[in-house]
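Note sheet for the following structure.
The values are calculated or read from the model by the stated rules, or taken from the named source; none is laboratory data. Note that the coordinates shown come from a computational prediction; the quantities given were computed from them, not determined experimentally. Please note: Cβ atoms are built from the backbone with ideal geometry, for glycine as well, and neighbour counts cover all protein chains shown. In case anyone asks, the SASA skips ligands and DNA or RNA and just uses the protein heavy atoms, side chains included. Shrake-Rupley method; radii C 1.70, N 1.55, O 1.52, S 1.80 Å.
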Amino acid sequence: MGLQGVDCFRGAASRLDPRIYQIAILSGLLAYGLIWLDFEVRFANAVVILATALGVQYAGTRLWGLPTFDPKSALISGLSLCLLLRTNNLIVAWVAAYLAVASKFVIRCDGKHIFNPTNFALVVMLSLDLGWVSPGQWGREAFFAFLVACLGGLVVNRAARSDVTYAFLTGYVALIMGRALWLGDPLAIPLHHLQNGALLIFAFFMISDPKTTPNSRAGRMIFALMVALGALFVQFGLYRPNGLLWSLVCCAPAVPLLDHLLTGTKYDWAQAHRTAPATVRTTPGLARIAVSALIPSFFTGRGAR
């Protein structure tokens, strides 16, 4: 491929909505898991979760008067729930998908939704003991194939603010390895802890969500390290599983404060895949959180995308 071909490829990649690549990765992994790896995912659960996520996104689009229905973010949330949430109850699957997408519309601050939708729904289900997360279902081959696909996504879709993923993974791996060295554990123990499919989904599809991370690069670096430290504390200090999920949901409310202290560029999906990172600037102000029961008259900000 000549230089002209390389430039054409880079130009096409910069115009590609990062969510399309993410949907392709998650869909491929889900299909592979259902067909070959025998994931504990009921087909009916997957249908309910995806249909509910898209339905709530469509309802929110109409209720909040958004110009167009954009299913991509809802699909990412639904696919992530299919891969992580385990339940034998279709009603629980429906509630989880509803909470995930509805939270984008009703729990907001300064024009951004606070919680990552998938993370929020999973924590609610875990706290109510209505489901569980199955992180060890991948197998070595699937884990490394998924890792390569995710890393490829970061290269192709740099507009998705992959810096927070790099910062989190660097900090988290350093903390896990440092703890093992401090305790004198063999290297196999931290490596086994890190070969976790749920960790990949968390790092590449949850904490990296541009709409729920700080606007400034400095803020994103601080936020990533906060989440890594929080996950380590929950996992090894409180001895609770799913430390990553609990840490992210607890650290998410700090994002408006980081945005207030460290101003930056607010991410816009529509602009990001047409040009470079978005050019919409944010103005620091008082945090305004709007929480309602999906009733637009109680909410004064714009809807979610």
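Suppose accessible area is computed on protein heavy atoms with a 1.4 Å probe; arrange MET125, MET177 from highest to lowest.
On the way: MET125 0, MET177 50 Å².
So the residues, ranked largest to smallest area, are MET177, MET125.
Can you compute the FRET efficiency between ASN89 and LEU147 using 1/(1 + (r/R0)^6), with r the Cβ-Cβ distance and R0 = 25 Å? Round to the nearest 0.05.
Efficiency computed from Cβ-Cβ geometry: 0.20.
Determine the sum of side-chain charges near SER103: Lys and Arg each +1, Asp and Glu each -1, restricted to other residues whose C-beta is under 13 angstrom from that of SER103. Show your work: numbers first, answer last.
Details: positive: LYS104, ARG108, LYS112, LYS211; negative: ASP209.
Residues near SER103 contribute +3 overall.
In a shell of Cβ-Cβ distance under 15 Å around SER80, excluding SER80 itself, what net charge do Lys and Arg (+1) and Asp and Glu (-1) give?
On the way: positive: ARG19, LYS72, ARG86, LYS104, LYS211; negative: ASP209.
Value of the local net charge: +4.
Which percent of the accessible heavy-atom area of segment 23-118 goes to carbon and sulfur, probe 1.4 angstrom? Could the numbers behind the result be given before it?
Values: 2450 of 3680 Å².
Result for segment 23-118: 67 percent of the exposed heavy-atom area is carbon or sulfur.
I'd like the accessible area for TRP64: 1.4 Å probe, protein heavy atoms, all chains in place, Å² to the nearest 10.
Its heavy atoms expose roughly 30 Å² to the probe.
Specify whether the C-alpha gyration tensor of segment 17-79 places it in the rounded, prolate or oblate class, a ≥ b ≥ c being the square roots of the eigenvalues: rounded for a/c under 1.5, otherwise prolate if a/b is larger than b/c and oblate if not. Don't skip to the end; give the middle numbers.
Numbers: a/c = 5.00, a/b = 1.78, b/c = 2.81.
Because a/c hits 1.5 or more and a/b fails to exceed b/c, segment 17-79 counts as oblate.
Debye sum, Cα scatterers, segment 159-261, no solvent: what log₁₀ I/I(0) at q = 0.11, 0.15 1/Å?
-0.32, -0.58
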